[in-house]
1. Cβ contacts < 7 Å: first residue farther than 21 Å from Leu90 by Cβ, restricted to the range 19-42; second residue among the acidic types (Asp, Glu), any location; separation 6+ or different chain. Result?
2. Hey, can you tell me all the residues within the range 114-124 that are part of a loop (DSSP other than H, G, I, E, B) and more than 14 Å from Leu8 (Cα to Cα)?
3. In the range 57-76, how many are within 19 Å of the chain's Cα centre (by Cα) and either assigned by TED's automatic domain parsing to the domain that holds Cys10 or surrounded by 14 or more Cβ atoms within 10 Å (Cβ to Cβ) (or both)?
4. Would you mind finding the one in Leu7, Leu20 that is assigned to a strand (DSSP E or B) and either in contact with a helix residue (DSSP H, G or I) (Cβ under 7 Å, 6 or more places away or on another chain) or at pLDDT 90 or above (or both)?
5. Confirm whether Thr98 is surrounded by fewer than 18 Cβ atoms within 10 Å (Cβ to Cβ) and either within 18 Å of Lys120 (Cα to Cα) or of a type outside the set (Lys, Arg) (or both).
6. Name the residues in the range 1-22 that are farther than 20 Å from Ile126 by Cβ and surrounded by 15 or more Cβ atoms within 10 Å (Cβ to Cβ), would you?
7. From (1) more than 17 Å from Ile46 (Cβ to Cβ); (2) small (Gly, Ala, Ser); (3) surrounded by 14 or more Cβ atoms within 10 Å (Cβ to Cβ), pick out the condition that doesn't hold for Ser115.
Amino acid sequence: MIIKALLLDCDGVVVDSERLNFLCWEKALQQIRNQASLKNLPYDCIIGIPLSEIFSLFEDYLHTLFSETERQQILKTKNHYYFQLGKSELKPIDGIQTVITQARQLEWKIYLVSSSIQEKLAFSLITVNLHDAFDGSFCGKSGKLQRCIANNPEAQS
């Protein structure tokens with residue numbers, strides 16, 4: 001079998017964003033629900049799980065239920081904090097540039113496959129200066145390949 005492409009996730013694989021994501025969740029919960037604190041919950045408990053499960057985990061931990069309206073408010077607030085704090089907090093995962101360089105030397109295409117929304121993905125990659133390292137991305141519920149984050153001329157082929 002000949003490998004011709006490399007598929008990577010963004011959060012925790014390309015961009016070191018997991019602790020920031022958790023911090024933003026906590027800040028959003030505190031803003032929407034003043035008494036909410038995730039103080040004794042480890043940040044890695046939300047890594048790799050879907051959004052609905054993250055809310056269920058927080059509901060169990062906080063012994064509460066969130067309405068759909070509250071969930072939307074919390075998510076919007078969490079993303080606001082991510083865009084605000086990410087400017088100074090995000091960095092690339094150690095070694096990812098080497099992986100990208102080696103894949104390019106092998107003439108592989110490199111794509112991101114992420115459950116994140118396109119805006120968050122683009123922001124993260126631009127912030128860590130990796131926005132032109134990929135041939136495209138497949139994000140969240142978009143259901144289509146995105147090329148808007150790629151400045152790589154080969155990405156248009």
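1. Ile32/Glu70
2. At the first step, the residues of the range 114-124 found to be part of a loop (DSSP other than H, G, I, E, B) are 115-117.
Answer for the range 114-124, where residues must be part of a loop (DSSP other than H, G, I, E, B) and more than 14 Å from Leu8 (Cα to Cα): just Ile117.
3. First, pick out the residues of the range 57-76 that are within 19 Å of the chain's Cα centre (by Cα): 57-58, 71-76.
From what's left, either assigned by TED's automatic domain parsing to the domain that holds Cys10 or surrounded by 14 or more Cβ atoms within 10 Å (Cβ to Cβ) (or both): 57-58, 71, 73-75.
So the answer is 6.
4. Working: Leu20 fails: assigned to a strand (DSSP E or B).
Testing whether each residue is assigned to a strand (DSSP E or B) and either in contact with a helix residue (DSSP H, G or I) (Cβ under 7 Å, 6 or more places away or on another chain) or at pLDDT 90 or above (or both) leaves just Leu7.
5. Working: surrounded by fewer than 18 Cβ atoms within 10 Å (Cβ to Cβ): yes; either within 18 Å of Lys120 (Cα to Cα) or of a type outside the set (Lys, Arg) (or both): yes.
Answer is yes for this residue.
6. Correct list: Leu6, Phe22.
7. If we test Ser115 against (1) more than 17 Å from Ile46 (Cβ to Cβ); (2) small (Gly, Ala, Ser); (3) surrounded by 14 or more Cβ atoms within 10 Å (Cβ to Cβ), just (1) comes out false.
Results for (1) within 30 Å of Ile2 (Cβ to Cβ); (2) aromatic (Phe, Trp, Tyr), shown as yes or no for each residue.
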{"position": "Trp25", "(1), (2)": "no, yes"}
{"position": "Phe58", "(1), (2)": "no, yes"}
{"position": "Gly95", "(1), (2)": "yes, no"}
{"position": "Tyr111", "(1), (2)": "yes, yes"}
{"position": "Leu125", "(1), (2)": "yes, no"}
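The values are calculated or read from the model by the stated rules, or taken from the named source; none is laboratory data. None of the values given here were measured: they were computed from a predicted structure. Positions of Cβ are generated from backbone atoms using ideal geometry, with glycine treated the same way; all protein chains shown enter the neighbour counts.
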